[in-house]
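Asks: To start, I am sharing the structure in question, which I have written as structure tokens.
The values are calculated or read from the model by the stated rules, or taken from the named source; none is laboratory data. All values reported here derive from a predicted model rather than from experimental measurement. No Cβ is skipped: glycine too gets one built from the backbone with ideal geometry, and neighbour counts run over all protein chains shown. These area figures cover heavy atoms from the full protein model, side chains too; ligands, DNA and RNA do not enter into them. Shrake-Rupley method; radii C 1.70, N 1.55, O 1.52, S 1.80 Å.
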Amino acid sequence: MIEANHIGVRKSGRWILRKARVQVRAGELVALIGANGAGKSTLLKAVAGEVTPDEGAVSINSKILADWPAAGLAKVRAVLSQSVQLPFSMPVIDLVEMGRYPYQGQEPGGRTREIARLCLKQVGLSGYDDRDICTLSGGEQQRAQLARVLAQVYREQPAEERFLLLDEPTASQDIAQKQQLLSLLRKLANEAGLGILTILHDLNLAMQYADRVVLLRRGHLLKSGSPETVLTPEGIAQGFGLKARVVRTPGEALPHILTCPTAVDLFQNEETAIP
Amino acid sequence: MIQSLPKYRSLSRLLSPPVLTLLLAISALCALLIGAYSLPVQQVGLVMGEQLFGLEAGLPQTLSYLVWDIRLPRILLSVFVGGGLAIAGAAVQGLFRNPLADPALIGVTSGAMVFAVAGILFSASVLGAIGSWLGYATVTVMAFTGSLLTTFLVYWLASSKGYTSVVTMLLAGVAITALGGALTGLMTYFSDEDELRDIIFWTLGSLGGANWQMLALLIPLVLLPAFILWRQSSQLDLLLLGEREAAYTGVNTQRTKWIVIGCAALIVGACVAVSGVIAFVALVVPHLVRLIQGPRHRSLLLGSALLGGLLMVWADTAARTLIAPAELPIGILTALLGAPFFIWLLLKTKRSL
């Protein structure tokens, strides 16, 4: 399990994240949502270990991040950043194989390639092996990177809980691909038992696929819980300063969120400034 | 982004390590035969037999001297200098994630230059040893020291709190290079004619001073760091994704930066110390290999080393034969051929950097 408690991050003397907490269990899909600047990326980076929190601590599988050896940590959690640019062209399969770096010398090269192919298949890029990564569309590149990250935590017989940390993986995907991608994440959580923490912008995707939603606002944790309890008109108004309706259509299990054109004036509603 | 050229992919097999090694061996042999005095292959074979296996062939001493003490060390020197510069260039380009990076950018070359010029002035005015063995050794040692010192200065400038910024390192390298150029210019301005001649020859590069003692020093200083660099191949691959992604994947990025810079400085420092400034090899050769074999460092580093050695053997052969019995400085030749070739490559790929 990933546990991040009481996380505070300061940047040039200002707190950009305060008292944030998030838990991700194996097999669970947790969506991190909030307006731009709410601290989503910072929290994700703190969980990933890129940012060392000024307050609080993150532990993975009951071990504090600082105590994890680099290679060991890489085997239990993989991180996909928002955009990763390659300075040189290379075949897609090579990129995915690079994710197996932590297992180098521990598996034969042929096995590495097999795993890379498998991961490419999972993200819907079978047959892209020898394509030059630079010739792919933005969405395809993003999925190739996801395949690399999947390869990094791929294990035949997982001995420990493994996690994926994703920063807006649906960016530059079209509406169908967004659904496919989230179904894939859902499947990975259910079948492979991966714990997934992902930043999402699309509230409906969060509603449909997440087990839990963590809503941040101005560096603070606003609400956390099941999608239906967090993504309420009040929650959305507080978190985003946006009027929204949550509509239940007959025959569908989950409600839809419809946003309305008139925004709640966030600046009038300033009740909590960050201390 | 630099796109690889699909139509050159078939060259990939042609320029595989075994083929390149074979080409290198053949080129070295040809280079032994070609020169101001061209030699028939049997005679060269007899000299080699005499030297390596003690077979008495009753050859004239001058012939034996020409092959064994003049040409062979020089050819080996070309192989190691060319290969060393190219592998260091490839690693540094990977580290900086920039196909235009060159070890010269981190100050190695300009540092070597300042110290070498200071060495020339010192050996001329204090030791009175200009042109002699002592003077030559002074310059070599000074150049090597200078290249290492400047690299560490640049590395130190770019580091704070246990983190080294690659961008700051590049900027510091540019600044130090400019400073080095100014200092070199200043010393050049105040030097007399003999010193000036030496300085110019040194900055233009030459492999003419090759001998076995020099090789005995150079070879370990190139081979060992080159091997260590090659062992960092996977780490360098991941650094292509950026430092953050590499760290997420389990790479100790700080350690890799330190190893790559340290090894590149050792190699380039040693090469520059024995041969002066040889332009473009470290930039163009890795670029060419990357276009053909892709950016994975396991094949890139090896391919660059072999191709660098191969090209340098031919460049030096040209340098010593084109205007025989005089010699062209090899640095001029590599820049003269390398620059237009590089421009052609850029136009051919038609991609912005």
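Asks: Please count how many residues of segment A:215-240 are among the small types (Gly, Ala, Ser), more than 19 Å from residue A:5 (Cβ to Cβ) and part of a loop (DSSP other than H, G, I, E, B).
Replies: Number satisfying all stated conditions: 1.
Asks: Does residue B:135 meet the test of being small (Gly, Ala, Ser), at negative phi and modelled with pLDDT of 85 or more?
Replies: Taking the combined requirement at face value, the residue does not satisfy it.
Asks: Give the residues of segment A:92-110 that are within 10 Å of chain B (Cβ to nearest Cβ) and part of a loop (DSSP other than H, G, I, E, B), sorted by residue number.
Replies: Residues satisfying the conditions are A:99, A:100, A:104, A:105.
Asks: May I pose another question? Could you list all residues from segment B:20-47 that are closer than 18 Å to residue B:313 by Cβ, free of Cβ contacts under 8 Å to residues at least 40 places away in the same chain, open to solvent by less than 50 Å² (accessible area, probe 1.4 Å) and assigned to a helix (DSSP H, G or I)?
Replies: Of everything in segment B:20-47, those that are closer than 18 Å to residue B:313 by Cβ, free of Cβ contacts under 8 Å to residues at least 40 places away in the same chain, open to solvent by less than 50 Å² (accessible area, probe 1.4 Å) and assigned to a helix (DSSP H, G or I) turn out to be B:33, B:44.
Asks: Right, here's the next one. How many residues are over 14 Å from the mean Cα position of the chain (by Cα) and open to solvent by less than 50 Å² (accessible area, probe 1.4 Å) if we restrict to segment B:334-353?
Replies: Summing the residues that are over 14 Å from the mean Cα position of the chain (by Cα) and open to solvent by less than 50 Å² (accessible area, probe 1.4 Å) in segment B:334-353 gives 4.
Asks: Would you pick out the residues in segment B:1-15 that are surrounded by 12 or more Cβ atoms within 10 Å (Cβ to Cβ) and either modelled with pLDDT of 85 or more or within 14 Å of another protein chain (Cβ to nearest Cβ) (or both)?
Replies: The answer is B:1, B:2, B:3, B:4, B:5, B:8, B:9, B:12.
Asks: Please indicate, with yes or no, whether at least one residue in segment B:236-248 is part of a loop (DSSP other than H, G, I, E, B), at pLDDT below 90 and more than 14 Å from every other protein chain (Cβ to nearest Cβ).
Replies: No, the conditions are met nowhere in segment B:236-248.
Asks: Quick check: is even one residue across segment B:297-304 in contact (Cβ under 8 Å) with a residue 12 or more places away in the chain and outside any helix (DSSP H, G or I)?
Replies: Taking every residue of segment B:297-304 in turn, none turns out to be in contact (Cβ under 8 Å) with a residue 12 or more places away in the chain and outside any helix (DSSP H, G or I).
Asks: Considering B:186, B:85, B:153, B:171, which residue is out of contact with any helix residue (DSSP H, G or I) (no Cβ under 6 Å at 6 or more places or on another chain), away from chain A (no Cβ under 14 Å) and within 26 Å of residue B:342 (Cα to Cα)?
Replies: Just one listed residue meets the conditions, B:171.
Asks: Of the conditions (1) open to solvent by less than 30 Å² (accessible area, probe 1.4 Å); (2) within 17 Å of the chain's Cα centre (by Cα), residue B:320 clears all except one; give me its number.
Replies: So residue B:320 meets the others, but not (2).
Asks: Has segment A:181-197 got at least one residue that is within 14 Å of residue A:40 (Cβ to Cβ), at pLDDT 90 or above and surrounded by 16 or more Cβ atoms within 10 Å (Cβ to Cβ)?
Replies: yes
Asks: Residues A:159, A:144, A:171: which one is aliphatic (A, V, I, L, M) and assigned to a helix (DSSP H, G or I)?
Replies: Only one candidate passes the filter, namely A:144.
Asks: Oh, and also: Which one is surrounded by the fewest Cβ atoms within 10 Å (Cβ to Cβ) among residues in segment A:76-86 that are more than 9 Å from chain B (Cβ to nearest Cβ) and not hydroxyl-bearing (Ser, Thr, Tyr)?
Replies: A:82
Asks: Would you say residue B:294 is over 21 Å from residue B:108 (Cβ atoms), open to solvent by less than 10 Å² (accessible area, probe 1.4 Å) and not basic (Lys, Arg)?
Replies: It is true that residue B:294 is over 21 Å from residue B:108 (Cβ atoms), open to solvent by less than 10 Å² (accessible area, probe 1.4 Å) and not basic (Lys, Arg).
Asks: Here's a follow-up. Write out, first by first residue and then by second, each pair whose Cβ atoms fall under 6 Å of each other, whose residues are 6+ apart or on separate chains, and whose first residue, in segment A:110-126, is in contact (Cβ under 8 Å) with a residue 40 or more places away in the chain while the second is charged (D, E, K, R).
Replies: Short answer, once both residue conditions are applied: A:123/A:143.
Asks: Listed residues B:228, B:278, B:200, B:259; which is β-branched (Val, Ile, Thr), more than 18 Å from residue B:103 (Cα to Cα), away from chain A (no Cβ under 14 Å) and open to solvent by 10 Å² or more (accessible area, probe 1.4 Å)?
Replies: Unique residue meeting the criteria: B:200.
Asks: Of all residues in segment B:96-108 being open to solvent by 10 Å² or more (accessible area, probe 1.4 Å) and assigned to a helix (DSSP H, G or I), which is modelled with the highest pLDDT?
Replies: B:96
Asks: Condition (residue is more than 14 Å from chain B (Cβ to nearest Cβ) and not basic (Lys, Arg)) applied to segment A:145-155: is it met by at least one residue?
Replies: Scanning segment A:145-155 turns up no residue that is more than 14 Å from chain B (Cβ to nearest Cβ) and not basic (Lys, Arg).
For (1) within 12 Å of chain B (Cβ to nearest Cβ); (2) open to solvent by 40 Å² or more (accessible area, probe 1.4 Å), each residue gets a yes or a no:
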{"site": "A:54", "(1), (2)": "no, yes"}
{"site": "A:59", "(1), (2)": "no, no"}
{"site": "A:66", "(1), (2)": "no, yes"}
{"site": "A:74", "(1), (2)": "yes, no"}
{"site": "A:88", "(1), (2)": "yes, no"}
{"site": "A:124", "(1), (2)": "no, yes"}
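Asks: What's the number of the condition residue B:261 fails, among (1) in contact with a Phe, Trp or Tyr (Cβ under 6 Å, 6 or more places away or on another chain); (2) assigned to a loop (DSSP other than H, G, I, E, B)?
Replies: Condition (2) is where residue B:261 drops out.
Asks: How many of the residues in segment A:184-214 are part of a helix (DSSP H, G or I) and either of a type in the set (Phe, Trp, Tyr) or within 18 Å of residue A:39 (Cα to Cα) (or both)?
Replies: Residues flagged as part of a helix (DSSP H, G or I) and either of a type in the set (Phe, Trp, Tyr) or within 18 Å of residue A:39 (Cα to Cα) (or both) within segment A:184-214 amount to 3.
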